[in-house]
Amino acid sequence: MKLKSTLAFSVVLFFAFALSETFAQSTFEQVHAIFQAKCTAGCHSGGSPSGNLNLSGTTADVYNRLVNVNPTNPVAAANGLKRVDPGYTNRSFLMKKVNNGLDVHNDLETGEGNTMPDGQPSLSLTERELIRQWIIWGAPDTGNVYNEHLISAYYNGQGIPEVDAPLTPEEEGREGYQVRFGPIFVEPGGEFELFQVYKTRTTEDKEIVEMKSKMSPYSHHWVMRELDASAADNLGVAPVDGNDLTTQAYVFQYSKYMGVWQFSGSIDLPEGTAIFQDSGAVILLNLHIPNYNQDSILAATGYINFYTQPAGSGAVEMKTDLATYGAPNPFLLNIPPTGQPYTLDFPFTIPGETRYFWSIQGHTHQWGIDYDMFMRNSDGSKGELIYEGFYNTDYSFNQGYWDYTHPAIRIFDPMLEVDMNNGMIFEGTWLNSGPDTVPFSFTTEGEMFITYYQYTTQLPASIKDNNTVAELEVYPNPSGENINLSYTLKNTGHALVELFNITGSKIKTVVNAVQNAGKHILKIKSEDEQMAPGTYLVSVTVDGKTTSKQIVTVN
């Protein structure tokens, strides 16, 4: 079933509430009404209100006493809370006071007083959610950001629950912090892609060594970027429509990638590498959620745990980026309605650079049926297949089909060295049986052709020191009758040299023996091994560490 666009969803769900007398009120007017009914009698009114917070008076009076105002509670103040910190429910003391279990990570701490209203029944789930949504969407003093009917239906049994909140790094006894997005409520069959700014409170430069994601099962992707501080101020604190081309272009210009998930999982970086993060960094959260359920409301939520270590450890910087068809104009992608497989490819080269790739993953939308990646030969032709899209999520077996919702992620251990003068070739295949051409789109109504990858521009010392195999060479390459191999062992060890064809089938075990440290030279006769002209792979494994090179044979 065709999903509604993000823009239509945003407009209908959050801003077009002129259907009833209730919706004629702004969201803050509804919040204000809760305070008047539940919080002013005996506690938050008069000349000496509890917590020095007077919630009686006009909406303007109460708003100015709440938003970006420091609490008088010394523990809350010491924790850096505001009464209301727009966009940040976990930094808003008001939310903690009314939370009462709504968010397991946002209940009151010792010294922060009692749940509000004090000594009375807690606010209803929908009342607490109203306040939470108001804060998530920037705590505006005017306008509507809350659909009472949608959330009331959700809490009355018509909802898909939020994912359970994971432990924070602090609760695990590790250094780091947790970031939360949402919940954002998605109507049956609805869809959104949103950006939201998250300003960290790190006071020193950090190195991120692991990122662990947990998000709603219907998620399409969950992207982390580090954003320029001035650009963050321009985006504001409320979620921003990610389907807007101008916003997307702005984000691309002023941010860098940190990580990409298309399902819950961990990015545990190899030893000696880290993502570098400056003090006071600003993170841009980007969650894309379609609700494929046509009957139930989804509370879309995402969590990221960032595990850190102090800067200056000597780690090599791990970088994250993407390559897209048609760059810099991805709208060149169009899938015609042929009813037959339609294949496109594009080269990915960067002259004068060598990169060491740690992970790669493909990304399409629902019309994608295959996604492959190849090393690129110097003549521009396809070389070794390095990514088969039919593999399962953790790239452990060929499942026989491309799953665009849970695409394969290939991790290279050791990291894949690529001469980017030659680079890679990315190939996607789609099947469009509909009546219309499918264009590029940020939502699943359209298509994408993107490769996400993580890499370094040098090998970390820990990997260099552990590499028993070094400088595997194949020459000449392309080769005719004779193929020459040379490899160097730093230490004496068991060496396994194997020759494979392009499909991964082994042709021959060339060496399987303990060898001394030093340089070793081998010669393979292509005629003896019945090697027809084509592409092959030779690998040298020593003490569990493998180095591979591609061989091209010619007549």
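Since every read-out is calculated from the coordinates, none of them should be taken as a lab result. These numbers come from a predicted model, not from an experiment. Here the Cβ is made from the backbone with ideal geometry for all residues, glycine too, and neighbour counts use every protein chain on show.
Descriptive notes on the structure:
- Gained length - Val104 relative to Lys490, 0.36 nm times residue gap less alpha-carbon distance: 133.7 nm
- With each label modelled as a point 7 angstrom along the Cα→C-beta vector, the Ala41-Asp233 pair spans 4.6 nm.
- Shape category assigned to the stretch 467-553 from the gyration tensor of Cα positions, a/c cut at 1.5: prolate
- Among 529-535, 403-409, sorting by the average number of other beta carbon atoms lying within 10 angstrom of each residue, highest first, gives 403-409, 529-535.
- Each part gets one Cα centre, and for the stretch 196-272 versus the stretch 111-149 those centres are 26 Å apart.
- Along the axis of the charge dipole computed for the chain (Cβ charges of +1 for Lys and Arg, -1 for Asp and Glu, origin at the Cα centre), the listed residues Cys43, Asn484, Ser359 are led at the positive end by Cys43.
- For the chain, averaging the sequence separation of C-alpha pairs within contact (under 8 Å, six or more residues apart) and dividing by the residue count gives a relative contact order of 12 percent.
- Relative to the longest principal axis of the Cα atoms of the chain, helix 125-136 runs at roughly 60 degrees.
- Angle in degrees between helix 27-38 and the longest Cα principal axis of the chain, rounded to the nearest 10: 50
- Protection-proxy order for peptides 200-210, 277-287, 361-371, each taking the mean of Cβ atoms within 10 Å per residue, highest first: 361-371, 277-287, 200-210
- Charges were assigned to the Cβ only: +1 to each Lys and Arg, -1 to each Asp and Glu. The resulting dipole of the chain about its Cα centre is roughly 460 debye.
- Mean sequence separation of contacting Cα pairs (under 8 Å, at least six apart), scaled by the length of the stretch 46-152, corresponds to a relative contact order of 20 percent.
- Degrees separating the helix 245-254 axis from the principal Cα axis of the chain, which is the longest one: 70
- Charges were assigned to the Cβ only: +1 to each Lys and Arg, -1 to each Asp and Glu. The resulting dipole of the stretch 18-146 about its Cα centre is roughly 180 debye.
- Subtracting the Cα-Cα distance of Asn512 and Ser56 from 0.36 nm times their residue separation leaves 155.9 nm of extension gain.
- In terms of the mean number of neighbouring beta-carbon atoms within 10 Å, the peptides 417-428, 158-169 order highest first as 417-428, 158-169.
- For Ala139, net neighbour charge (Lys/Arg +1, Asp/Glu -1) across residues whose Cβ lies under 11 Å away: +1
- Neighbour net charge for Leu485 - beta-carbon separation under 10 angstrom, K R +1, D E -1: +1
- For the cross-link pairs Lys508/Lys549; Lys256/Lys382; Lys214/Lys545, the ones whose C-alpha atoms lie over 20 Å apart are Lys256/Lys382; Lys214/Lys545.
- Linear extension gain, Thr168 paired with Glu388, 0.36 nm per residue minus alpha-carbon span: 75.7 nm
- Across every direction, the projection of the convex hull enclosing the Cα atoms of the stretch 359-506 has a mean area of 11.9 nm².
- Each residue, Ser313 and Ser279, gets one label point 7 Å from its Cα in the Cβ direction; the gap between the two is 2.0 nm.
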